[in-house]
Amino acid sequence: MKKTLIQNAQALVSGQLRDVDVLFDTRIRKIVPRGTHIDEDATIVDGTGKVLLPGLVDVHVHLREPGHTEKETIATGTKAAAAGGFTTIFAMPNVLPFPSTKEVMKDYLALIDKEAVVHVHPYGTITINEAGKDIVDYASLKELGIEWFSDDGVGVARDDVMKKAMTSAKENDVLFACHTEDMRYRKPGASVHESEYAKQNGWLGIPSDCEFAQLARDLDLVRDIGNRYHACHISAKESVERLAQAKRNGCDVSGEVTAHHLLLEDKDVQGTNWKMNPPLRAHEDRMALIEGLEQGKLDFIANDHAPHSVADKEKPMDKAPFGIVSLETSFALLYTEFVHKQKRWTLPQLVDWMSTTPARRFGLEDIGHIRIGAPADLILVDLENEYTIEADCFESMGKNTPFDHVKVHAQVCETFVDGKSVWKGKTA
């Protein structure tokens, strides 16, 4: 493979922006002071005015294929990931057929290998077909390299099933990533956070108990069993504190928060493009999420990219599906709000939460760094010039976002996966 040399950019190396040139093929080969002569045959990329960052990592993505290709495909979803700066993603298993057996997973892995333009690690399900009854043979899927399991979209309702599942997870040393939702707290048609604002708009609300009651059950089991556990898309202040307590108790647990839960709250909801599960909650919840991330009670940022058709999202609030697309907007939105505007976070902090830490938690120690020998999963980003999010221009088939026409910074210009350029924007 011919080498690539990125010149004249600043690169995030060891937590600092440095004036260096970076040479790579499938892996990073040299990092030298800017302007150093490199006597090698390489394709030159001029990074003047741009920043070179490690590729981002998202552990919570819905690719929809197989089974729901009218919403998204592996090809379009991974192209959207590349456009948003993500070089590694983890695909949730609520596809058809569910990847609950070794045979189905083999076919799924072959499809991913054929269609994906970024690294994709699929989850296996915790229970067969996410039905919440019989647990999966985790050992057989681990033989294929699958070490992550989730029933995302539903919580495992029965205590005895979850206890059996966690015991097997401990025995096989695999990680559970759990959507916690106790459906006894959610009435049919409920669509937003339970609040006065919801009542004023005639919407049926979902209380925070729906999330944290089952999370508390899971964390009690983790304390007793000792398995590895990750909490998906935390939205409620009570959930943040339960995770913090579990960590203080020595449990091997982590928690993610989405960009939309960090940026929006219940009173921002204007229609179905603001409808997601868990819902946008109250101001005090959003502040607890921000502070929880900063204090280490939550560990990193994920996206819960959930594409839907326009027709589905045009249904009434109580009928429209939950979820928004986020791969192409999350980094730019978070950089613009918390780094560029508020100056509350630094760029290295944000990259750590969106790359290094999720990679480490999910066992990908090499990912999330610009250093000699690391995989050449890199993104070239323009942090200076403002641009406008245009949903109609998304690589994703899904256009369901509340951030259409929002002005942001941090535009991804080019994305490299294993040293190969897989996406290039207009400003590259």
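No value in this document is a laboratory result; all are computed from the given coordinates. This structure is a prediction, so every number in the text was calculated from the model and none was measured. Cβ atoms come from the backbone with ideal geometry, glycine included; neighbour counts cover every protein chain shown.
For the reader, a short list of remarks on this structure follows.
- Taking the convex hull of the alpha carbon positions in segment 301-345 and averaging its projected area over all directions gives 4.1 nm².
- Surrounding net charge for Leu264, when Lys and Arg each add one and Asp and Glu each subtract one, Cβ distance under 12 Å: -1
- Put the Cα centre of segment 51-86 next to the Cα centre of segment 7-25 and the gap is 25 Å.
- Packing here is the average count of other Cβ atoms within 10 Å per residue, and on that basis the peptides 348-359, 100-111, highest first, run 348-359, 100-111.
- Around the Cα centre of segment 129-231, unit charges on the Cβ atoms of Lys, Arg, Asp and Glu (plus for the first two, minus for the last two) sum to a dipole of about 240 debye.
- Judged by the mean number of other Cβ atoms found within 10 Å, the most tightly packed of the peptides 199-207, 175-183, 72-80 leads the ranking 72-80, 175-183, 199-207.
- 11 Å beta-carbon shell around Thr329, net charge (K/R +1, D/E -1): -3
- Environment charge at Leu52 (Cβ cut-off 14 Å; Lys +1, Arg +1, Asp -1, Glu -1): -1
- Per-q log10 I(q)/I(0), segment 319-428, q = 0.22, 0.24 Å⁻¹ (Debye; single scatterer per alpha-carbon; no solvent): -1.37, -1.43
- For segment 190-252 and segment 135-170, distance of Cα centres in Å: 19
- With both residues required to sit in the chain, DSSP beta bridges show an antiparallel share near 50%.
- Selection from Ala81, Val22, Val269, by position along the positive dipole direction of the chain (Cβ): Val22
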